[in-house]
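Reading through the structure tokens given below for one structure.
Read-outs: derived from the displayed coordinates by stated rules, not from any lab. From a predicted model like this one, the values you see are computed outputs, not experimental measurements. A quick note on method: Cβ atoms are made from the backbone with ideal geometry, for glycine too, and the neighbour counts reach across all protein chains shown.
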Amino acid sequence: MDQAEQSLEEARYLMDGGKSLRSVANRIYYGMFYAVLALLIYEPYSSSKHTGVLYYFNKNFVKSGIFPESLGRHVNKAFELRQRGDYREYFELTKEQVEPLLGEAKEFITAIRAYLNASGRV
């Protein structure tokens, strides 16, 4: 969870400094991804692929009702923007796409930390 929060802090620092939106989106996504990995420490699951980790999260934590669907949408959107920003040529992220992700990532990470705290895992 520390990595998740550090990544989000890095994203805020980059955004406030007017740095690359690609880098901001990357740090936002990784903050959320690290939070999911913190959940998976306690699960009988592992994957070397981000898509596998996100699928497991959505199936076992969102569809089961542990977390609201909005959190699944937030992490999926962050993943998609990070993918586009990192791997597509000639794709430019906009501030309008990236800036809302900061709040969504904060909500996401806070919810996972609260879940882990409530279950005595952090």
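A compact table of results
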item	result
Filtered residue count, the stretch 41-58, keeping only those that are among the aromatic types (Phe, Trp, Tyr) and either in contact (Cβ under 8 Å) with a residue 24 or more places away in the chain or touching a helix residue (DSSP H, G or I) at 6+ places or on another chain (Cβ under 6 Å) (or both)	3
Residue within the stretch 85-106 that is in contact with a helix residue (DSSP H, G or I) (Cβ under 8 Å, 6 or more places away or on another chain), basic (Lys, Arg) and closer than 28 Å to Gly120 by Cβ present	yes
Of the criteria (1) in a loop (DSSP other than H, G, I, E, B); (2) closer than 18 Å to Ser7 by Cα, which one Phe67 fails	(2)
Near pairs, Cβ below 8 angstrom, 6+ apart or cross-chain, from the stretch 59-85 (more than 12 Å from Val36 (Cα to Cα)) to any residue that is outside any helix (DSSP H, G or I)	Leu81/Leu93; Arg84/Phe91; Arg84/Leu93; Gly85/Phe91; Gly85/Leu93
Test for Glu69: is it under 20 Å from Arg22 (Cβ atoms) and of a type in the set (Asp, Glu)	no
Search result, residues across the stretch 64-88 that are over 16 Å from Tyr30 (Cβ atoms) and charged (D, E, K, R)	Glu69, Arg73, Arg88
Matching entry among Ser7, Ser47 (being more than 16 Å from the chain's Cα centre (by Cα) and not aromatic (Phe, Trp, Tyr))	Ser47
Scan of the stretch 93-121 for residues that are assigned to a loop (DSSP other than H, G, I, E, B) and either closer than 15 Å to Ala11 by Cα or among the aliphatic types (A, V, I, L, M) (or both), ordered by number	Leu93, Thr94
Subset of the stretch 77-92 [surrounded by fewer than 12 Cβ atoms within 10 Å (Cβ to Cβ) and assigned to a helix (DSSP H, G or I)]	Tyr87
Sole exception among (1) buried (at least 18 other Cβ atoms within 10 Å of the Cβ); (2) among the hydroxyl-bearing types (Ser, Thr, Tyr); (3) closer than 19 Å to Arg121 by Cα for Tyr42, by number	(1)
Output for the stretch 52-76, where each listed residue is closer than 13 Å to Glu104 by Cα, surrounded by 18 or more Cβ atoms within 10 Å (Cβ to Cβ), touching a Leu at 6+ places or on another chain (Cβ under 9 Å) and not small (Gly, Ala, Ser)	His74, Val75
Residue list for the stretch 44-63, filter: under 20 Å from Arg27 (Cα atoms) and hydrophobic (A, V, I, L, M, F, W, C)	Val53, Leu54, Phe57
